[in-house]
Amino acid sequence: MSLADDLYRETILDHYHHPRNHGFIQDASARVEGVNPLCGDELVLYLKVKDGTIDDVKLEAKGCSINTASGSMMTEAVLGKSVEEANKIIATFKDMMLAKGSEVELPEEFEELEALQGVKKYPVRIKCALLPWNTLLEGINNLDK
Ligand code: ZN
């Protein structure tokens, strides 16, 4: 177990025990449910978009540690970003999780997300990490254009 692995594990546990942006949004622009039957992860994503910017994003999640931590980090990564930027972050994160072999380096702002790269050693858990992001993507695609 390397030092990086330890730091990664600490980051994931911190988000798991203290999920950021947990809850719901009354007047959400989009509400999407996500399920990962392989693990039993369930979540509801609320998205509030104002003038093309993600004004608020909240998650109600009942999932494993990886799922909860990934969702928590996701809300922090996209909050206050434009929908266009959020789409880019989603694409970058999915690239990172699905890239075979080499590690993907993220821009400094999203460095924390690299903690989830350790999950790639357990292919079954990749779906746990991706669920919040795929649900967000669906939410963005469901927005009234
Ligand atoms: Zn899971």
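What the table below lists for this structure:
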item: Residues (within 16 Å of the ligand (Cβ to nearest atom), surrounded by fewer than 23 Cβ atoms within 10 Å (Cβ to Cβ) and closer than 19 Å to residue 30 by Cβ) located in region 62-83; result: none
item: Selection count where residues are farther than 15 Å from residue 142 by Cα and of a type in the set (Val, Ile, Thr), scope region 33-52; result: 1
item: Region 29-38, subset in contact with a helix residue (DSSP H, G or I) (Cβ under 9 Å, 6 or more places away or on another chain) and part of a loop (DSSP other than H, G, I, E, B), residue nearest to residue 66 (Cα to Cα); result: 38
item: Criterion violated by residue 107 - all others in (1) open to solvent by 50 Å² or more (accessible area, probe 1.4 Å); (2) in contact (Cβ under 8 Å) with a residue 24 or more places away in the chain satisfied; result: (2)
item: In region 110-134, the residues that are of a type outside the set (D, E, K, R) and open to solvent by 80 Å² or more (accessible area, probe 1.4 Å); result: 122, 123, 124
item: Residues that are touching a residue at least 40 places away in the same chain (Cβ under 8 Å), surrounded by fewer than 18 Cβ atoms within 10 Å (Cβ to Cβ) and more than 14 Å from the ligand (Cβ to nearest atom), drawn from region 21-61; result: 21, 22, 31, 33
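The values are calculated or read from the model by the stated rules, or taken from the named source; none is laboratory data. What you see is a predicted model, and the numbers here were worked out from it, not measured in a lab. Cβ atoms come from the backbone with ideal geometry, glycine included; neighbour counts cover every protein chain shown. Heads up: the accessible areas ignore ligands, DNA and RNA and are worked out on the full protein's heavy atoms, side chains in. Shrake-Rupley method; radii C 1.70, N 1.55, O 1.52, S 1.80 Å.
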